[in-house]
Amino acid sequence: MYYPRNRPIQRNPRFNPEQAVRELKHAMEIKGCNEEVVIRILTDHNNAQRQEIKNKYRSIFGKELDKDLKKELKGKLESVVVALLTPPREYLVHELRNAMKGLGTDEQTLIDIMMPRTNREVKILKDTYKQVYGRDLDKDIHSETSGQFREVMLAQAQGNRDTTEDVMVAIRDAEELTLAAREKKWDSDSVLYRIMFQRSHAQLRAIFKLYENATGQDIEDSIKQKTKGDLENSLIGLARSAKGIRYFYATRLYEAMKGKGINDDVVIRTFVSRSEIDLARVAEEYQRLFHNSLSSAVAADTKGSYQTILLRLLA
């Protein structure tokens, strides 16, 4: 059953880690595993408390909770549970590393994680990536991507946007962007590239509004007309992030669930990573943009315990 939370997941004031681990242990001893108990406990506590639960489980039973749960669960429910038991910063760098290791690169995952990040958040990602893997994120991006997409991702990975807001600069940038719109395409040497990776999100919002007023065209539509492939996707991701972080996530969730099938990776990553930040606000933005509740979209595209745990995370 889905009970609206109406707020991000917060610390449970009635937290009892020993009781939680004994309930989890009992749930796993039942044939088929009592998934309802697992879901309730994990979604009733924030990530910091889940880490305490993991530690308590290890101290009492001498085993790792996430590994024991992986043995009992399967499919997408298992993926969500493992993600919820991972510290937030480590979870995102795990996603980044998984997107780049092995054959091929998952460019869209790189876009989804990197483009919404502020300067500070980029630095945290890079520091955590180094701590967890002993590797430089910039170097891995350089080696696992190519062409203009590589240049775009490396520019974002610098995390050195100008955070000032200046109306006159915004007007000048919008004028330059309007003139540049006459070009057949925008590439990494264009005015768009320079503006997109130097200006703050707030400054970009002002620039995009002025640009739309001058050209009659939304910046996303212009990007789609003048670029393609991974470069287009990365610039669209950045433009949406500048318009608003909740706008970015609501739009990505809509794309992940529209039509036949569902991009579970996008849904899981968004729900888990935003559950203690602004998932309820993302749901409100989703409703505003697409005139349908996010919970209804989830209910239509998922089933069973996977559906239940997503709806429990959702405000």
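Bridging of Lys139 to lysines at a Cα separation below 25 Å is possible for Lys101, Lys123, Lys126, Lys130, Lys228, once same-chain residues fewer than 8 apart are set aside. The Glu90 and Val167 beta-carbon pair, evaluated with R₀ = 45 Å, returns a calculated FRET efficiency of approximately 0.65. Straight-distance candidates among the lysines for linking to Lys71, with alpha-carbon spacing under 23 Å and chain neighbours fewer than 8 residues away dropped: Lys25, Lys31, Lys54, Lys56, Lys63, Lys303. Each of Thr227, Thr163 has some number of other Cβ atoms within 10 Å of its Cβ, and from fewest to most they run Thr163, Thr227.
Once both axes come from the Cα atoms, what is the angle between helix 245-257 and the longest principal axis of the chain, in degrees from 0 to 90, rounded to 10? Relative to the chain, helix 245-257 is tipped by roughly 70 degrees.
In terms of surrounding Cβ atoms within a 10 Å radius of their Cβ, Val152, Val272 rank from fewest to most as Val272, Val152. Stokes-Einstein at 25 °C, 0.890 mPa s, Kirkwood radius from Cα pairs: D for the stretch 47-162 in µm² s⁻¹? Approximately 156 µm²/s, per Stokes-Einstein. Taking other C-beta atoms within 10 Å as the exposure proxy, His26, His45, His94, His291 rank His291, His26, His94, His45 from fewest upward.
Just name one of Ile223, Ser234, Leu253: the one whose Cα is farthest towards the positive end of the charge dipole of the stretch 219-261 (beta-carbon charges, Lys/Arg +1, Asp/Glu -1). So the residue we want is Leu253. Relative to the Cα centre, the charge distribution of the chain, modelled as +1 at Lys and Arg Cβ and -1 at Asp and Glu Cβ, gives a dipole magnitude of about 820 debye. Each Lys and Arg contributes +1 and each Asp and Glu -1, all at the Cβ; summed about the Cα centre of the stretch 88-158, the dipole is approximately 260 debye.
With the Cα gyration tensor of the stretch 250-313 giving a ≥ b ≥ c as the square roots of its eigenvalues, does the rule (a/c under 1.5 for rounded; else a/b larger than b/c for prolate; else oblate) give rounded, prolate or oblate? All intermediate terms of the calculation are to be shown ahead of the outcome.
Details: a/c = 1.41, a/b = 1.06, b/c = 1.33.
Taking the square roots of the gyration eigenvalues as a ≥ b ≥ c, the stretch 250-313 is rounded.
Per the Kirkwood definition applied to all pairs of different Cα atoms, how many angstroms is the hydrodynamic radius of the chain?
So the Kirkwood estimate lands at 21.1 Å.
Modelled this way, with points 7 Å down the Cα-to-C-beta line, the labels at Leu289 and Glu220 are 0.6 nm from one another. Measuring from centroid to centroid over Cα atoms, what is the spacing of the stretch 140-211 and the stretch 11-27 in Å? What the calculation gives is 48 Å, centre to centre. In the chain, a dipole from Cβ-located charges (positive for Lys and Arg, negative for Asp and Glu) runs towards its positive end, and of Val191, Val267, Gly244 it is Val267 whose Cα lies farthest in that direction.
Each value in this text was obtained by applying a stated rule to the coordinates, not by laboratory testing. Since the structure is predicted, the reported quantities are computational estimates derived from the model, not experimental observations. Here the Cβ is made from the backbone with ideal geometry for all residues, glycine too, and neighbour counts use every protein chain on show.
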